[in-house]
Structure formats: C-alpha cells, structure tokens
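Please read the structure below before turning to the comments.
Read-outs: derived from the displayed coordinates by stated rules, not from any lab. Just so it is clear, the structure is predicted and the values come from calculations on it, not from any experiment. Here the Cβ positions follow ideal geometry from the backbone for every residue, glycine too, while neighbour counts run over all protein chains shown.
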Amino acid sequence: MSPSQKRSQQRRGGRRRDPDAATPRGVRRSPGSYPDKSVRVIYVAAEGGRTERDYLRQVEKSYGRGDDEQGVRPFRFHYCDPGHVNGLRPEEAVLQVVAGASSPDDEKWALFDRDSLDNRDAEIPAAMRLAARKGVQVALSHPSFELWLLLHFQHFTSQEDGRDDKVKERLRGHKDAQAFREYDTGSGKRGKGLDDEHGAALHGREHTAVRNARKLVDACPHGGCAARTAATEPIGDAAPEPYGEWTARTGHAPDCDPLRRDPSTDLWRLLVSLGIGTEGSNSKGSTNRRSARDAKKVPHQGGFAQRQKAD
Ligand SMILES: [Zn+2]
C-alpha cells in the first residue's frame, strides 16, 4: 500500500465528523497578541498534518522579516494547529481557520488537496462554497501540495487524475532537488516534513514555481481560465463575495470545476500576495518574461485594497 493510500485509509477510518472538532484548542489569539500592526498576520489551516505547516514555516523564515526593496511587508503565518493526527477534511480546514482567526477581517487561507484516493468529490466543492461565505481564500492543489513543491524545479502538465505518485517521483528524482530525494519514502527524516535543507532547496526558486503555476491556470482543461485575471489582494471585511467572484480570484473561470483543474495549485497566489516570486524578486537564474505589471505590490489595506489583476 502506498503512503497516500495508507493516508487515505487512515482518514476514512479514524475521522471525527463533528464540525466542532475543527475548533482549535488553545490557539485562539486576541487581536492584542499581535501588537505590531506593521506585521501582516495570515491565518492558515491545512488538511495535512505536517508538510504545509513546515513549508510555511520555511517561507516565513526566509521572507517574514520583510524586504523594503522587494516590496515584501513583514509577515507571519499563524498556523491553526489541526490537532488531528490524521489531518483535516477540506471543510474542517476552512472551519479551523475561521475559528483560529481573531476577527472577521483577518486574512485567512485554507490549504487542501484534490487527492482522488480520498473520495472527496462532494467535499471539495462544498468546502469551497463554505470558504467563499466565510471570507477564506483556498489554495487547492490538484493532485496534491507536492505539485507546488515540484513546480519550483520543473514544469509539470501531466494529468494524474488526482493521484500524486508521479509528482512525488519527479520531485525525488529531480537533479536540482537533492534535498527531496528521500521525500515521503519513510518516517522521520524521510517522511513528509520539510526542514531547513528542504527550505534551502526551494529558496530563490519561488519565481519559477509561480510562473509554472500560472501556466497551469492558462492551460486548464476548462479552456476559459487565465492567470492574468487572478486576484491576489486579501479579502476584505465587507459582505461575503458572491461565489463566482470569489472563485474567479484563482484565475479559473467561475464555472471551472475545481475537481477538473488537473493539474493545478493556487499556492502561487498566496506567495504573490506577499510579494514573493514576483517580477524583480530574488530568483535563482530563472528567466523572466512576464509583464512588469506583476511587479506591482499588493498592499494590505484591510478590505479596501483594489482588485488587482495579477498579470
Ligand atoms: Zn480552470
């Protein structure tokens, strides 16, 4: 049984269905916990128990102090600890971040995967509609978060029908991804956590990952999706966006079925919203041919930010 199959079985077997189970214990912070308003706080929940959290920790370590020159405002991720050994269902991840945030206008992201082995065809669309109502941005990865990691090293267009074996295989085998050669082949150091070595392998390649992820939006099987129409500004604290408007933030057409965005990942919008991986940012020798409009900084303006076309 592959690790992802095993994970799926664990999820099906050991899941608690009570939505209240998504409420974090002891992680709620009062607004006063972050007294320095110059530091942007992004509340995050992810279905995975470890990989996404470790990844965000590495991003924060590399860029969280901010960089005036690159237009990166200091930020930190407030990771809403799942508290579930088997991770969260997509809707639980949305509820988790809503519960973990201090106020309705906090920036909130939920990360989850397509993962076709996990029988979630009904859950993903429901989780996305819930997220739209709750003002939560979703980073959906199809087939899995590992696609986003792989895009730091190479483009990947193969439709895998929601299975990520090939994605991980490519990641482990890529000549520039030495730190990942034993990724998810066992427990501990060889498991799915991302340490400093992994972080260093990804660092400076964000621009490549963003560019590759944008290309996947443009190549979406729907045919009417375009990264240049995506939006990267935070959701404001006004009334919830209608679902069509909310989902169009991804660059995918409002009627593009999330389950058919094969392959795709929305992680690029989170990074670009922070000013990472944009035109002019540090990059390991990647050629950049995108429009200079990408370099526009996206200020966090508490709900009054203008919608920005991320092209
Ligand atoms: Zn699409």
Just check the stretch 37-295 against the gyration tensor rule for me: Cα atoms, a ≥ b ≥ c as the square roots of the eigenvalues, rounded for a/c under 1.5, and otherwise prolate or oblate depending on whether a/b exceeds b/c. rounded
Using the Cα centre of the stretch 47-134 as origin and beta-carbon charges of +1 (Lys, Arg) and -1 (Asp, Glu), tell me which of 124, 109, 99 is placed farthest towards the positive end of the dipole. 99
Holding the Cα-Cα limit at 28 Å, pick out from 37/192; 166/215; 61/168 the pairs that are longer than that. 37/192
What are the residues whose amide H is under 5 Å from the amide H of residue 142, where those residues sit 5 or more places off or on another chain and H is modelled from the backbone? 114, 264, 265
Any chance you could run the full-extension gain for residue 121 through residue 178? It's 0.36 nm times the residue separation minus the Cα-Cα distance, nm to one decimal. 17.1 nm
Using a Förster distance of 25 angstrom, determine the FRET efficiency expected from the C-beta separation of residue 103 and residue 69, and round it to 0.05. 0.20
